[in-house]
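Some notes on the structure that comes next.
Every read-out reported here was derived from the displayed coordinates using simple, explicitly stated rules and does not represent laboratory data. For clarity, every value in this text was computed on a predicted model and none was experimentally measured. Cβ placement follows ideal geometry from the backbone for every residue including glycine, while neighbour counts extend to all protein chains displayed.
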Amino acid sequence: MKHFLDINKTSPKALRQMIDHARRMKDARGGRPRGMEDDETPLTGRMVALIFEKPSTRTRVSFDVGVRQMGGQTMVLSGADMQLGHGETIADTARVLSRYVDLIMIRTFEEATLLEMAEHATVPVINGLTNRTHPCQIMADIMTFEEHRGPIAGRKVVWSGDGNNVFASFAHAAGQFGFDLTFTGPEPLDPERVFLDEARAKGVQVTIERDPFKAVAGADLVVTDTWVSMHDPVSARERRHNQLRGYQVNAALMAAAKPDALFMHCLPAHRDDEATSEVMDGPHSVIFDEAENRLHAQKAVMRWCLGV
Ligand code: CP
């Protein structure tokens, strides 16, 4: 069973094949993100369940469109509307869905829910985000970096802000794709050490630097994300803003990175909080390519899972 649960659980060879496949599928569409089915429709006759226990724009639309472009069909399910949200076990849900569909994508809160779904499903399961990681996003980010700047191996990526689930998948990717990663943010919002240690054990340089201007020196890519994640309590907002204000990605911070550094944000953004509109809409920014590449990268992930 080929589940796509996390970047560190998928071999570097398979990850590389998926990124390269995504590039080929994107090129074959002649640069159009929208429109008719692909020439190849390997998901013809296949049904994909897309389960959301949290809100989504990009993940929901890009998976849905991606399946349709490949000739398949989707069923978008809200966790709250399923029996899953009313006491049915994850294991039973996984067993039942496996009798109806060929592939399950789930966006959920606890990583344990994803893992239990994968353990009991008899079809592949894809992680569409948990509180802990967001691997599909980082597949799109690697693809985006490489289409603008070539191989990411050996490059320097700097994350400014909260050490959240998207950072965690960047740390997984650092080890698997071989790039150096610096985290800059306040100590209370440091990422879990296990993510940093695992990447270091794979031979890449992983650094924590409290001064954001020192952190971005020599950066090929500067990344940030919303200061208050979907699973964070609303009451944390003011404290988070006070902690993170100094880590805003603005023109001055980008000027301290390499002159050709890229800027990424997985979106949705709170403009002029974690990043200024000047940066988001400026010459370093590739945020909308990133969003588009969710579509292409996830098509490659789904084909890898199904072996088609
Ligand atoms: N980046 C991302 O996952 O976006 P959505 O929350 O809109 O799916």
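Quick look at the values:
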item	result
Among (1) among the small types (Gly, Ala, Ser); (2) surrounded by 18 or more Cβ atoms within 10 Å (Cβ to Cβ); (3) more than 16 Å from the ligand (Cβ to nearest atom), the one test that Gly282 misses	(2)
Unmet requirement for Thr224, which otherwise passes all of (1) surrounded by fewer than 23 Cβ atoms within 10 Å (Cβ to Cβ); (2) hydroxyl-bearing (Ser, Thr, Tyr); (3) out of contact with any Leu (no Cβ under 8 Å at 6 or more places or on another chain)	(1)
Filter result for Arg24 (without any contact (Cβ under 8 Å) to a residue 60 or more places away in the chain and either within 16 Å of the ligand (Cβ to nearest atom) or more than 28 Å from Asn131 (Cβ to Cβ) (or both))	yes
Lone qualifier among Glu238, Glu292, Glu278, Glu274 - being free of Cβ contacts under 8 Å to residues at least 12 places away in the same chain and of a type in the set (Asp, Glu)	Glu238
Residue match in region 210-217 (condition: in a strand (DSSP E or B) and either in contact with a strand residue (DSSP E or B) (Cβ under 7 Å, 6 or more places away or on another chain) or not charged (D, E, K, R) (or both))	no
Phe183 vs. criteria of a type in the set (Phe, Trp, Tyr) and buried (at least 23 other Cβ atoms within 10 Å of the Cβ)	yes
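Let's see how each residue does on (1) within 15 Å of the ligand (Cβ to nearest atom); (2) within 17 Å of the chain's Cα centre (by Cα); (3) hydroxyl-bearing (Ser, Thr, Tyr):
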| residue | (1), (2), (3) |
| --- | --- |
| Asp211 | no, no, no |
| Ser229 | yes, yes, yes |
| Arg239 | no, no, no |
| Gln248 | no, no, no |
| Ala269 | yes, yes, no |
| Ala297 | yes, yes, no |
| Gly307 | no, no, no |
